[in-house]
Amino acid sequence: MERSAISKCKRIVVKVGTSTVTHATGKINLHRMERLAREISDLASMGREIVLISSGAVGAGLGKLNRAERPRTLPEKQAMASIGQGRLMHMYEKFFSEYGNTVAQVLLTRDVFSDRLRFLNARNTILTLLEWGVIPVINENDTVAVEELRFGDNDTLSAMVASLTDADLTLILSDIDGLYDDNPRTNPDATIIPEVAEITDAMFDRSHGRGSRNASGGMYTKLLAAKICMAAGIPMVIAKNDERDVIRRIACGEPLGTLFLPARDSGDGRCQGLRNARKHWIAFESNPTGRLIVDEGAAEALRIRGKSLLPSGVVRAEGLFDRGAVVSVVTEDGREIARGIACYSSEDVSRIAGRHTDEIGRILGSKDYDVVIHRNNMAVL
């Protein structure tokens, strides 16, 4: 993918972190918020559709109460977010309205993506806002989210919203100007990596560590977000938040930051990511309730030949799940290779694991399906 191709991207998800919208004191960074509103409004005037993912609610709450110490307990964080979120939206409304644009607050939790109906409702709402020319400003609903319903960081949220909305580009603005071959904070000779076609274990190993003091993410979470986007066929760029006109320049194809290339096939070079909305949901938004351990032959049939999962290839089922649940498909050495919708419950899968399809009826008393997961209901990762 050439950088110039980005200039043709119509729908762009822009994620800004706490370090972008607040000072180190926690106070709102008015200069950056005004510049952000101006750049996004200018892109909207060019016919681009922008979805803004904004962190900073907790940081803004700290600034509002003149507190320096970040809250430690979940109730304290949620209370602080409830103070700061209103402050953030007030400033977004103020700055965007100066450029003739309307913003809409959208607060999401992880279960919105786990439940298919809620997933579709969220998608339809955001797409309707874009159709109306409104700029959605999305954040995690920190005030009500419990640990099991949290995204953990807005880097992951931005990638999931990008796949939810069929975005053409994800842009993550940070306090660092891209992915480096070493830690630039400790190694002055570290150099930026302009393009990434594959995320390696070594990249993850180098990326551990938090970002700024009031932020929840770091490069590690950005790599996780990039992995989701790349698999979904969506290019992603990490760039520095204080670079002059950074959003406009990247959207016009200028080579700033690090570009993570979308998955491609070996033929015509087009993106082969999981663009099908149903498989999007299975792969990235659903919450698997169990695991199917498969042998090497089944793994090859799924990954290379695109086949359905037969009971003969299943070694065992782990966890309790009903028919229709989303489950992970895992090799015997622990690699997750796919996710899919199970045709049988965990109890029934355990009974037919390793057996031939023509034995299902005799073992279970009836045979509703020939396969454990049909290929149409499976997303290979």
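Within the stretch 14-41, residues that are at positive phi sit with their Cβ atoms under 7 Å from residues that are assigned to a helix (DSSP H, G or I) and buried (at least 19 other Cβ atoms within 10 Å of the Cβ), at 6+ positions apart or across chains, in these pairs: Gly26/Gly59; Gly26/Ala60; Gly26/Leu62; Gly26/Gly63.
If you go through the stretch 87-105 one residue at a time, do you hit one that is assigned by TED's automatic domain parsing to the domain that holds Thr18, surrounded by fewer than 20 Cβ atoms within 10 Å (Cβ to Cβ), under 22 Å from Val13 (Cβ atoms) and under 19 Å from the mean Cα position of the chain (by Cα)? The answer is yes; a qualifying residue exists. Only a single criterion out of (1) part of a loop (DSSP other than H, G, I, E, B); (2) touching a residue at least 12 places away in the same chain (Cβ under 8 Å); (3) among the basic types (Lys, Arg) is not satisfied by Arg305, namely (2). Determine whether the stretch 262-272 contains at least one residue that is among the aliphatic types (A, V, I, L, M) and either modelled with pLDDT of 85 or more or buried (at least 19 other Cβ atoms within 10 Å of the Cβ) (or both). No, every residue in the stretch 262-272 fails to be among the aliphatic types (A, V, I, L, M) and either modelled with pLDDT of 85 or more or buried (at least 19 other Cβ atoms within 10 Å of the Cβ) (or both). Scanning the stretch 355-370 turns up at least one residue that is surrounded by 13 or more Cβ atoms within 10 Å (Cβ to Cβ), under 17 Å from Val294 (Cα atoms) and touching a residue at least 60 places away in the same chain (Cβ under 8 Å). The set of residues in the stretch 36-69 being in contact with an Asp or Glu (Cβ under 9 Å, 6 or more places away or on another chain) and modelled with pLDDT under 95 consists of Ser55, Ala57, Val58, Leu62.
Within the bounds of the stretch 47-62, is there any residue that is without any contact (Cβ under 8 Å) to a residue 24 or more places away in the chain, farther than 20 Å from Thr156 by Cβ and either basic (Lys, Arg) or outside the structural domain of Asn141 (by TED's automatic domain parsing) (or both)? For the stretch 47-62, residues without any contact (Cβ under 8 Å) to a residue 24 or more places away in the chain, farther than 20 Å from Thr156 by Cβ and either basic (Lys, Arg) or outside the structural domain of Asn141 (by TED's automatic domain parsing) (or both): absent. Looking across Ala79, Ala68, Ala37, one residue alone is among the aliphatic types (A, V, I, L, M), in contact with a helix residue (DSSP H, G or I) (Cβ under 9 Å, 6 or more places away or on another chain) and either buried (at least 22 other Cβ atoms within 10 Å of the Cβ) or in a strand (DSSP E or B) (or both). It is Ala37. Is it the case that Ile6 is in a helix (DSSP H, G or I), modelled with pLDDT under 95 and aliphatic (A, V, I, L, M)? So Ile6 passes the test.
I'd like the full set of residues that are over 20 Å from Glu296 (Cβ atoms) and either in the same structural domain as Ser114 (by TED's automatic domain parsing) or modelled with pLDDT of 90 or more (or both), limited to the stretch 324-349. Matches in the stretch 324-349: Val326, Ile341, Ala342, Cys343, Tyr344, Ser345, Ser346, Glu347, Asp348. Scanning the stretch 27-66 for residues that are closer than 17 Å to Lys240 by Cα and touching a Lys or Arg at 6+ places or on another chain (Cβ under 7 Å) turns up Glu39, Ile53. Each residue in the stretch 321-354 was checked for being within 14 Å of Ala283 (Cα to Cα) and either surrounded by 15 or more Cβ atoms within 10 Å (Cβ to Cβ) or among the polar types (S, T, N, Q) (or both), and 12 pass.
The values are calculated or read from the model by the stated rules, or taken from the named source; none is laboratory data. Since the model is a prediction, treat every value here as computed from it, not as a measurement. Note that we place each Cβ from the backbone using ideal geometry, even for glycine, and neighbour counts take in every protein chain shown.
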